[in-house]
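Single-structure report; data block below.
The values are calculated or read from the model by the stated rules, or taken from the named source; none is laboratory data. Treat the numbers as computed from the prediction; the structure is a model and nothing was measured. Because the Cβ atoms are built from the backbone with ideal geometry, glycine has one as well, and the counts that use them run over all protein chains shown.
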Amino acid sequence: MGPTSTKFRLAAAAAVVFAMAGVVLPANAQVRHTRRHVSHAKAVPGRVPGGAARHARFTDAKRRPIATASSSCEPVSLPDNPHYSSGDVSGHGQWNKGTCTSNTATVWNCLYEYYTDGSWRRKACSAKVTLKPKTQSNNRTTARRACNATNESISWRNYVDVDVNGQNDPADEPYKQANVDCVVTGPDR
């Protein structure tokens, strides 16, 4: 065993002793530990840990996984980064034709907040809108949800779904992810 693993074991042992004694370590304490599974009910909004899987579960308001399917024509989904805007977390969706020939698509986007059980919970969705391919910024969908607090940076994903009108397009998972100073503690939608 090298000096690094000994330091790690000592730091982990100290964390256990402090936890058992009810001592709370400062936020900058740099003690590494492995999180145990957190139940859905006890999970809270948080930031994605480094090295976490890119394909965490996407769930709807009833905690059901959101299904995907495959197809022939491939549009380009254009989500923007989730961002703070006038007291809300916000995200937009647009599209470009890609290999599709249709001039319109039904587009909608949803915002997902990361929870400490490893799930991405849907917090807001835009209306489903028929759009032409991206030409200007107002040709887009908008999902937004009021923040309950803005004192903590939380991981958010903006997922865009494009259903090309009159063509069979794939169910892809295009999203942009960003940390936003916005906590939403209300129900999933």
*Tally of residues being modelled with pLDDT of 95 or more, under 17 Å from residue 79 (Cβ atoms) and not basic (Lys, Arg) across segment 134-160*: 8
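With respect to residue 140, is the statement that it is over 13 Å from residue 82 (Cα atoms) and touching a His at 6+ places or on another chain (Cβ under 7 Å) true?
Values: over 13 Å from residue 82 (Cα atoms): yes; touching a His at 6+ places or on another chain (Cβ under 7 Å): yes.
Taking the combined requirement at face value, the residue satisfies it.
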*Tell me, which residue of segment 146-174 that is buried (at least 23 other Cβ atoms within 10 Å of the Cβ) and not acidic (Asp, Glu) is farthest from residue 41 (Cα to Cα)?*
164
*State yes or no: is residue 139 in contact with a strand residue (DSSP E or B) (Cβ under 8 Å, 6 or more places away or on another chain), in the same structural domain as residue 164 (by TED's automatic domain parsing), polar (S, T, N, Q) and not in a strand (DSSP E or B)?*
yes
*Taking only segment 143-181 into account, find how many residues are closer than 16 Å to residue 82 by Cβ, among the β-branched types (Val, Ile, Thr) and part of a strand (DSSP E or B).*
3
